Amino acid sequence: MTQHLLDQLRQICGAANVLTHDDPATDLSPWEQDWRKRVCGRALAVVRPGDTAQVAAVVKACAAVGTSIVPQGGNTGLVVGGVPNGSGSQIVLSMTRMNAVRAIDPANLTITVEAGCVLQNLQAAAEQAGFLFPLSLGAEGSCTIGGNLGTNAGGTQVVRYGNTRELCLGLEVVTAQGEVWHGLSGLRKDNTGYDLRNLMIGSEGTLGIITAATMKLYPLPAAQLTAWAAVPSMAAAVQLLGLAHKRLGPGLTGFEVMGQFALSLVDKHYPQLRVPLWQETPWCVLLENSDSESESHAREQFEALLEAALEQGYASDAVVAENLTQAKGLWHIRESITLAQATEGLNIKHDISIPVSRIPDFVAETDALLAREVPGVRMVDFGHLGDGNLHYNVQAPEGADGKAFLREFEDKVNTLVFDQVKRFGGSISAEHGVGEQKVHKLPHYKDPTALAMMRAVKQALDPQNLLNPGRVLA
Ligand code: FAD
Ligand code: MLT
Ligand code: ZN
C-alpha cells in the first residue's frame, strides 16, 4: 500500500519531488527537524508539489489510504507544528516550490502570491512595484507566506498594521478532501456567510492547505526613523508607549522592548553588533516612526517625543539612527536575540499576551515566583510591547546542564507562567501558535466552549483527521 501511494505521488509531482529515506544520498533532516532542534520526526516522504492541482491530487491520494499530511513552509515555526511525528508514516507537504507572485493590482492595493513565497521575496516584490508589504519578522529570509498565514504570524509591525490575518483579503485552499476552494478575493467587504478565510488563518495546517493568498499593500512611507531608548522600568516603557501613540498616531510602526539579560546575550555572542545603552538600564525600547510627509517632519516629531520622554522620566537616554544603515543595525540587534538565546543553550520559550496596562505587574510578580521556584533562573524577556506580546523566556541558571534543566523544570515553569497569564487575562500564545508544544496545555487555558467549537470545526472539515493531526487539538 505504501509503495503504491509513493508511486502515485511520484506520478503526480514527478519522481524528483518525492524524497524518501530509501535513497541513502537524500538527507530529510531539514524537513524533519524543527527550528529549535527540540524534535526530529521521521517522514514517509517529503513531497514537493509544483501547483495547486498537484496539491489537490496529493491530498486525494493520501486521503484514499488514510495517510496524514503535515504542510510545511520555511520550517521556521517555533512550536513544533510543521515537522512530522516520529511514526515514519506521515508525508511532509513542502510548499516551497510554489513561490510565484501571481499578480499585483496597484489600484486595489493587493498582491496575490503562492503559499511558498518567502516573506522577504514578497516584501521585495511589493517594494519593486512601489508599495509596502508590512509583515516583518526575524525569520523573513526563510519563512513563507503560507506559514505566516498558517500561524497568523505577528512580528514587529503589528502595532500599526496588525498581524498576518489583518493583511489578508483572500485565500486559495485545498481541503482535506482534495477539493480546491477558490477564495482569492481582493474584496475588503464580503458578508456572504461564515468567514472561512479567518477560519483557515491561524489553523496551523489542521483545516486546509493554503496554496495562494491575496494580501494587502500599503503606500511606502516617505521616511522611516528608528530610535533606541534606555528606560528605567517596565512601567516606564508602558508610559513611553502611551506617549508615542499620542505623539505619533499611526506613524508609530514599531515598539519593541528588550530586557538587559536578553541584550547581554547578544553582546556576548555577537559583540560586533555593538548593542547600545544596555549596561546602564534594565530595559531598552526600539521605536519606529514611519512618516508620510518627509524625513525632516519625521525627525522633528520623533525628537520632540524623545525629549518629552526624557523630561517625564519615561526614558533615561536615547539615540536616533542617523541613516538607514544605522537603523538596520539597531533592528538587527533586536532580531538577533532569538539566535543569541539559542546559542546560549536550551531554554523554555513563552509567547504570551497580556493587556499592555497589566504587563508591569505581571512581570514583577512572575519574576519573583520564578526566582523562588527555580533558583538562579535567568529571564530572557523581550518582545512586541506595543501589542502586549512578551517573549517571556526562561534560561537555565549559569553553568547548568540544559537538558537536565528542561527535564526538571519545563513543565513546572510552563504551568507557573501560564497560570499567571490566565490570572492576568492573557493568552498562552500571542503569535507562534499551539503546534505540538502547547497542545496538552491548551485545554487548561482555553474556554471549554471555544475548545468544543474548535473540535466541531475540525471534525466537520477534516473528519479523517488527516491534516496535521495532533497539532492545535490533541
Ligand atoms: P512552517 O514552520 O513551515 O509551518 C508553521 C505552521 O504552519 C505549521 O503548523 C505548518 O503545518 C503550517 N503551514 C505551513 N505552510 C502552510 C500552508 N501552505 N498551508 C497551511 N498550513 C501551513 N513568529 C512570529 O509570529 N513573530 C515573530 O516575530 C517571529 N520571529 C521569528 C524569528 C526567528 C529567528 C524564527 C526562527 C522564528 C520566528 N517566528 C516568529 C516564528 C516563525 O517564523 C513563524 O511562525 C512563521 O510564520 C512560520 O512560517 P514558515 O513558513 O516557516 O512555516
Ligand atoms: C521574535 O519576536 O523575535 C520572535 O517571535 C522569535 C522568538 O520568540 O524568539
Ligand atoms: Zn515575536
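Laboratory data are not the source of any read-out in this text; all were calculated from the coordinates shown. Everything quoted here is computed from the prediction, not taken from an experiment. Note that we place each Cβ from the backbone using ideal geometry, even for glycine, and neighbour counts take in every protein chain shown.
In table form, for the structure just shown:
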| quantity | calculated |
| --- | --- |
| Prolate/oblate/rounded label for segment 166-306 (Cα gyration tensor, a/c 1.5) | prolate |
| Rounded to the nearest 20 debye, dipole of segment 413-470 from Cβ charges on Lys, Arg, Asp, Glu | 140 debye |
| Local electrostatic count, ALA309, Cβ distance below 13 Å [Lys/Arg +1, Asp/Glu -1] | -2 |
| Relative packing of peptides 27-36, 318-327 - highest average C-beta neighbours within 10 Å first | 27-36, 318-327 |
| Cα shape, segment 356-447, gyration tensor, a/c 1.5 rule | oblate |
| Packing-based order for 349-356, 382-389, using average beta carbon neighbours within 10 Å, highest first | 382-389, 349-356 |
| Within-13-Å neighbourhood charge of SER185 [Cβ basis; K, R +1; D, E -1] | 0 |
| Computed [θ] at 222 nm, deg cm²/dmol, the chain (DSSP H ≥ 4; -39,500 (n - 2.57); rounded to nearest 500) | -11000 deg cm²/dmol |
| Least to most buried among ARG188, ARG471, ARG378 (fewest other Cβ within 10 Å first) | ARG188, ARG378, ARG471 |
| Highest to lowest packing among 330-341, 153-164, 269-280, scored as the average C-beta count within 10 Å | 153-164, 330-341, 269-280 |
